[in-house]
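Worksheet for the structure shown next.
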Amino acid sequence: MNVLFFSSKVYDSTFFNAANKSHQHKLSYLEVPLNKNTAVLANGYGAVCIFVNDTANAEVLRLLAEQGVKLIALRCAGFNNVDLGAAAELGMKVVRVPAYSPYSVAEHTLALILTLNRKTHRAYNRVKEGNFALNGLMGFDLNGKTVGLIGLGKIGLVTAKILKGFGCRVLGYDIEKRGEFDEIGIEFTDLSSLYANSDIISLHCPLTPQTHHIIKKETIAQMKPGVMLINTSRGALVDTKAVIAALKSGQIKYLGIDVYEEEADLFFEDLSDRVIQDDVFMRLLSFNNVLITGHQAFFTSNALESIAGITLQNIADFEQGRQLENEVKA
Ligand SMILES: NC(=O)c1ccc[n+]([C@@H]2O[C@H](COP(=O)([O-])OP(=O)(O)OC[C@H]3O[C@@H](n4cnc5c(N)ncnc54)[C@H](O)[C@@H]3O)[C@@H](O)[C@H]2O)c1
């Protein structure tokens, strides 16, 4: 099938070209993101392959349909950027990669927790400059701390298992209670008691209308003073301005984020010689107890191999009229 990639980087073409050896797709790569100005570039392509910050709203989908596009293949798990209702009305199918490596994101979550706690990023710079002073580097034992996980799906569960290995007490909340939570030793609880009792809170639920700004002024007020907040899921789960106020008051003592609600204008690009216009983001960067990574939690070779293989199989299934195992519907 003719497939046009939007927002593609060298690592995308490397992994997709390798995986395409077992398929016969014709893959073309564009660096530009998908939006209402670029949708016309898909003229003559049966499928487009998009990523987390591409725009696939009703207007863009209509433009794609006019070019002859019949399949939207997401090379990621989240699908909050696609208007599924509009896709259905236009007769377009949407497929995604529901699971690739939950370890990639769960392990990055731990990287954020450990770095914020033990300040290895600051220690690295100090030691390079011959500064071996320990002032300001004091952390705490993770062993015995209570960690609250919101969302206990694939990534939440792997994160819970790792944290249990550190000797943490793990509280968890999800809209659905499943037997495996008990097996892992997660104490299933409601949100209020998770907020009230957790030393660290980490978000692993999808972005939906129900979870938009789940972390806001009112919920932050229910948390333990000095809490550590980690978000590797989606930026808009968190009201950034409310978090900034809580960082200033000390209610939140550490913040680790791999995602940001306005990340589409920033992440995945080298903007080091430009003036960043987002004042809220720049305020976040100014805190020494905030650690930001640019949506890299998924970025392991294992995950990329898996994403490429599953995406190309999704496209082959569509082309050959087979059941679409990874279809997402409104
Ligand atoms: N930073 C990254 O690179 C990266 C990579 C992959 C996924 N993600 C994010 O991680 C999220 C989780 O991924 P996953 O593979 O574990 O997904 P998953 O579908 O396996 O699990 C999501 C869990 O969240 C629960 N949930 C849904 N609505 C909820 C709510 N209102 N409150 C609490 N729980 C709720 C679901 O019941 C499910 O158990 C994805 O939605 C995506 O946004 C980020």
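Laboratory data are not the source of any read-out in this text; all were calculated from the coordinates shown. Everything quoted here is computed from the prediction, not taken from an experiment. Because the Cβ atoms are built from the backbone with ideal geometry, glycine has one as well, and the counts that use them run over all protein chains shown.
Fully extending the segment from E66 to A18, taken as 0.36 nm per residue of separation minus the present Cα-Cα distance, adds 14.2 nm. Across segment 260-301, the residues whose backbone nitrogen lies under 18 Å from the label position 7 Å along the beta-carbon direction of R122 are 284-293.
Quick one: which of K9/K241; K119/K145; K119/K248 span more than 21 angstrom between C-alpha atoms? Those over the limit are K9/K241. Under 24 Å of direct C-alpha separation, and excluding same-chain neighbours fewer than eight residues apart, K329 reaches these lysines: K36, K70, K93, K154, K177. Axis of helix 58-67 versus longest Cα principal axis of the chain: the two differ by about 30°, to the nearest ten degrees.
When each of D279, D265 is scored by the number of other beta-carbon atoms lying within 10 Å, the sequence from fewest to most is D279, D265. The percentage of C-alpha pairs in segment 126-238 whose separation is greater than 18 Å is 52%.
Taking 7 Å steps out from each Cα toward its Cβ at E31 and E176 produces label points 4.1 nm apart.
Taking θ as phi - 60° and the Karplus parameters 6.51, -1.76 and 1.60, the scalar couplings of segment 293-298 work out to 10, x, 6, 10, 4, 6 Hz in sequence order, x denoting glycine and proline. Between S193 and E107, the modelled labels are 3.4 nm apart [label points 7 Å from Cα along Cα→Cβ]. Distances between placed amide hydrogens fall under 5 Å for L74 paired with I50, V95, R96, all partners being 5 or more residues away or on another chain.
Put simply, the amide H of G256, placed in the peptide plane, has neighbours under 5 Å in L229, I230, N231, L291, leaving out anything fewer than 5 places away on its chain. The modelled label-to-label distance for the pair L324/S286, using points 7 Å beyond Cα in the direction of Cβ, is 4.7 nm. Rounded to the nearest 20 debye, the dipole size of segment 102-292 about its Cα centre is 740 debye, using +1 on the Cβ of Lys and Arg and -1 on the Cβ of Asp and Glu.
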